Amino acid sequence: MKSIGVRAYLFFGVLALSALACSSLSAGNLLDSPLVKDDFSDSTSGWGTGTDDASSVEYADGGLKMIVYQPRYVTWSTPDTETYENVHVEITVNNQSSDPQAFFGIVCNEQGSTTSFYYMGISSEGYYAFIKSAEGQQDEYLKEGNSDAVAAAASSPIQLGLDCGNGTLTLYVNGQQIDTVSDASYTSGGVGIFVGSDDEETGATVTFDNFALTKLK
């Protein structure tokens with residue numbers, strides 16, 4: 001398995017959860033209608049789930065709940081196996097982590113069932129990062145920093161957004177643009193959500209709700 005880095009830490013394992021089914025909706029106007037929309041009320045909607053001694057991803061508490069038991073570990077899930085390009089992702093995040101350095105967010109342009117993708121996220125202490133993962137290589141931090149807007153939002157349900165397309169990644173928290181970065185290594189791929197832990201055992205617990213994927217205008 002590929003080790004994945006978040007911040008200055010290495011996650012020594014990955015539970016890659018492939019989707020069981022496609023939950024795409026029929027979209028007449030791709031600029032306005034969701035390509036994928038899920039409130040996680042239906043446990044058969046297609047997200048990859050599973051529990052082992054390292055982490056758990058299950059439909060629970062009205063959303064998709066991720067718990068990371070193992071320190072320095074990341075887990076993620078996807079809604080389907082479709083390839084998307086030039087999209088915007090929105091997700092509501094309820095962070096119940098005891099560790100303020102637990103890291104959570106959005107995956108985009110996943111290259112099939114590999115560990116090649118972008119993942120962008122935040123922590124409750126105000127940290128954010130844009131990271132490129134590549135199969136068999138160390139992660140590349142495209143950009144990272146700290147934001148008062150992220151720290152202020154982290155104590156309540158967070159609306160996390162990401163533009164993923166045309167070689168540009170832009171992160172939003174509660175509708176406010178946090179930062180943007182350019183990279184054209186991956187121009188299309190799968191989408192998903194992730195949670196990563198730091199040093200604390202069972203320190204990362206996040207419930208995701210109201211996932212929406214739309215075409216960028």
Residue in region 143-151 that is aliphatic (A, V, I, L, M) and touching a residue at least 40 places away in the same chain (Cβ under 8 Å) present: no
Filtered residue count, region 148-174, keeping only those that are under 19 Å from residue 215 (Cβ atoms) and buried (at least 18 other Cβ atoms within 10 Å of the Cβ): 10
Given (1) crowded, with 18+ Cβ neighbours inside 10 Å; (2) touching a Leu at 6+ places or on another chain (Cβ under 6 Å), number of the condition residue 217 does not satisfy: (1)
Hey, residue 208 touching a Leu at 6+ places or on another chain (Cβ under 6 Å), touching a residue at least 12 places away in the same chain (Cβ under 8 Å) and of a type outside the set (Val, Ile, Thr) or not: yes
Residue 145 being modelled with pLDDT of 95 or more and exposed (fewer than 15 other Cβ atoms within 10 Å of the Cβ): yes
Number of the exception - residue 46 against (1) under 23 Å from residue 153 (Cβ atoms); (2) modelled with pLDDT of 95 or more; (3) surrounded by fewer than 23 Cβ atoms within 10 Å (Cβ to Cβ); (4) not polar (S, T, N, Q): (1)
Out of 90, 110, sole residue that is of a type in the set (Asp, Glu), touching a residue at least 60 places away in the same chain (Cβ under 8 Å) and surrounded by 22 or more Cβ atoms within 10 Å (Cβ to Cβ): 110
Among residues of region 121-172, those that are over 18 Å from residue 191 (Cα atoms) and assigned to a strand (DSSP E or B), counted: 10
Tabulated pairs, region 168-186, first charged (D, E, K, R), second crowded, with 18+ Cβ neighbours inside 10 Å, C-beta under 6 angstrom, 6+ apart or interchain: 179/171
Long-range neighbours under 8 Å by Cβ, at least six apart or interchain, first residue without any contact (Cβ under 8 Å) to a residue 24 or more places away in the chain within region 48-73, second outside any strand (DSSP E or B) and of a type in the set (Gly, Ala, Ser): 59/43
Test: residue in region 175-187 that is at pLDDT 95 or above, within 19 Å of residue 79 (Cβ to Cβ) and surrounded by fewer than 23 Cβ atoms within 10 Å (Cβ to Cβ): yes
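The values are calculated or read from the model by the stated rules, or taken from the named source; none is laboratory data. The shown structure was predicted, so the numbers you read here are calculated from the model rather than taken from an experiment. Positions of Cβ are generated from backbone atoms using ideal geometry, with glycine treated the same way; all protein chains shown enter the neighbour counts.
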